[in-house]
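Colleague: Take a look at the following structure, please.
The values are calculated or read from the model by the stated rules, or taken from the named source; none is laboratory data. Note that the structure is a prediction, hence the values are computed from the model and not measured. Glycine gets a Cβ as well: all are built from the backbone with ideal geometry, and neighbour counts include every protein chain shown. Accessible surface areas use protein heavy atoms only, side chains included; no ligands, DNA or RNA. Shrake-Rupley method; radii C 1.70, N 1.55, O 1.52, S 1.80 Å.
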Amino acid sequence: ADGSLDDSEGKKLVDYFQNHIGMSESRFLRLQERYNEQVDRFSIIEKAKNLTSEDKVELLNMLCGIALADGHFHAFEATCIAGIAVSMGLDMVTVFEDIVSKYEIDPDELAEATKIFSNKLNELKDQS
């Protein structure tokens, strides 16, 4: 969500898929390549809406772990994760407050990230 997937974040994703799903690294890399080529991000969100509450929380925890993998939980990452939570039908304020209470996120960076995220959502709405 900070604009790039660095090596530590990529490793965290691979580790997650290997340890929790039993997927090989080569399989993960093939899926990642296909994702980058043809993903319909909106269909992914639609599928995520159908997860159980427990699975939604696990997904959000995994995303937080990935966000923190580079050693810094960026405010824009927190904002995006909260946005994903809303897309899955969870309460944004609750998720956002939970993230902010657990991780050190600069308040000024958070205010700016929230503004940027809001602008991006408005752009998407205008395109629809």
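Colleague: For segment 61-128, with only Lys/Arg (+1) and Asp/Glu (-1) charged at the beta-carbon, what is the dipole magnitude about the Cα centre, in debye rounded to 20?
Modeller: 260
Colleague: How big is the accessible area of residue 110 in square angstrom, nearest 10, if you roll a 1.4 angstrom probe over the protein chains?
Modeller: Accessible area, nearest 10 Å²: 30 Å².
Colleague: Still on this model: For residue 12, give me every one of the aspartates and glutamates with a C-alpha distance below 14 angstrom, ignoring sequence neighbours fewer than eight places off in its own chain.
Modeller: 25, 70
Colleague: Using a 1.4 Å probe, how large is the accessible area of residue 54, given in Å² and rounded to the nearest 10?
Modeller: 140
Colleague: OK, next. Identify all lysines with a Cα-Cα distance to residue 115 below 20 Å; exclude those on the same chain that are fewer than 8 residues away in sequence.
Modeller: Counting by Cα, and skipping residues close in sequence, residue 115 has these lysines nearby: 125.
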